[in-house]
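Q: One structure coming up, written as structure tokens, with questions to follow.
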Amino acid sequence: SVTHICRDVNYGWLIRYLHANGASMFFICLFLHVGRGVYYGSYNMIETWNMGIILLFAVMATAFMGYVLPWGQMSFWGATVITNLLSAIPYIGTTLVEWIWGGFSVDKATLTRFFAFHFILPFIITALVLVHLLFLHETGSNNPTGLNSNADKIPFHPYYTIKDFLGVLFLLMVLMILVLFFPDVLGDPDNYTPANPLNTPAHIKPEWYFLFAYAILRSIP
């Protein structure tokens, strides 16, 4: 359990917060990467772009299942709410949700399968990244001008290694500040409350589910 890792494993607290906040930093990098792709029209490289979309979905699925694993109140709530969206599928919705849960509610069976998938998916993601790169190497990457950049190419090392090292250093600095000074700033205090199916997390307001965004989630396209 998370409690065991934090209390009884050498530097377990550090591993836990590096894992959690490192994932958040990873997503920030992903959003910057996708945003840059949209801005410079990389969606014209169809195979690379579609592979990227599949990758994004796989990473989001991995993150969701990882969020459920600490088994706090927010983990339980997240698992219940997100899996319940499948109940909007006509006819098979309810059966599908119960099949994913492995029972009539989110329970130990759900937790076990989420743990297995949270472990397996990153390996699949690594393989997909290689396919993503394979497609990218077919066309070459895009650039801000949108013109062919073959004439401007220079050796990767030492030029780009030195340039990229600054970014990596900045990223690591932000990560270490987060982990060592504000480890819980991106988390939710409700997740320190053990999972209880009889209670809604304290800050969740039922009225939110009347909002347009939630209405869109529940609608059948």
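Q: Can you compute the equivalent ellipsoid semi-axes for segment 128-183, i.e. the square root of 5 times each eigenvalue of the Cα gyration tensor, sorted largest first and rounded to whole Å?
A: That gives 31, 17, 11 Å for the three semi-axes.
Q: Now, a different point. How large is the Rg to Rh ratio of segment 25-78 when both quantities use alpha carbon positions and Rh follows Kirkwood?
A: In segment 25-78, Rg relative to Rh is 1.13.
Q: Build a GNM of the chain with springs between Cα atoms under 10 Å: which of 173, 51, 25 gets the top mean-square fluctuation?
A: 173
Q: Mind ranking 81-87, 59-65 by how tightly packed they are, going by the mean number of other C-beta atoms within 10 angstrom, highest first?
A: In decreasing order of mean packing, 81-87, 59-65 become 59-65, 81-87.
Q: Treating cross-link reach as a plain straight distance, find the aspartates and glutamates whose alpha-carbon is under 19 Å from the alpha-carbon of residue 153, omitting any fewer than eight places away in the same chain.
A: 138, 164
Q: Neighbouring Cβ atoms within 10 Å as the yardstick, rank 99, 13 fewest first.
A: 99, 13
Q: Where does segment 85-214 land on Rg(C-alpha)/(2.2 N^0.38 Å)?
A: Relative to the 2.2 N^0.38 Å estimate, segment 85-214 comes out at 1.66.
Q: Quickly work out the residue 89-to-residue 19 label distance, labels modelled 7 Å from Cα along the C-beta direction, and quote it in nm with one decimal.
A: Each label point lies 7 Å from its Cα, and together they span 3.0 nm.
Q: I've got another one for you. Separation between the residue 184 and residue 213 pseudo-spin-labels, each 7 Å from Cα along Cα→Cβ, expressed in nm?
A: 2.4 nm
Q: So for segment 1-103, Kirkwood radius off the Cα pairs, Stokes-Einstein at 25 °C and 0.890 mPa s: how many µm² s⁻¹?
A: Answer, rounded: 149 µm²/s.
We did not get these values from a lab; they are worked out from the coordinates using the rules stated. All of these numbers come straight from a predicted model, not from anything done at the bench. Positions of Cβ are generated from backbone atoms using ideal geometry, with glycine treated the same way; all protein chains shown enter the neighbour counts.
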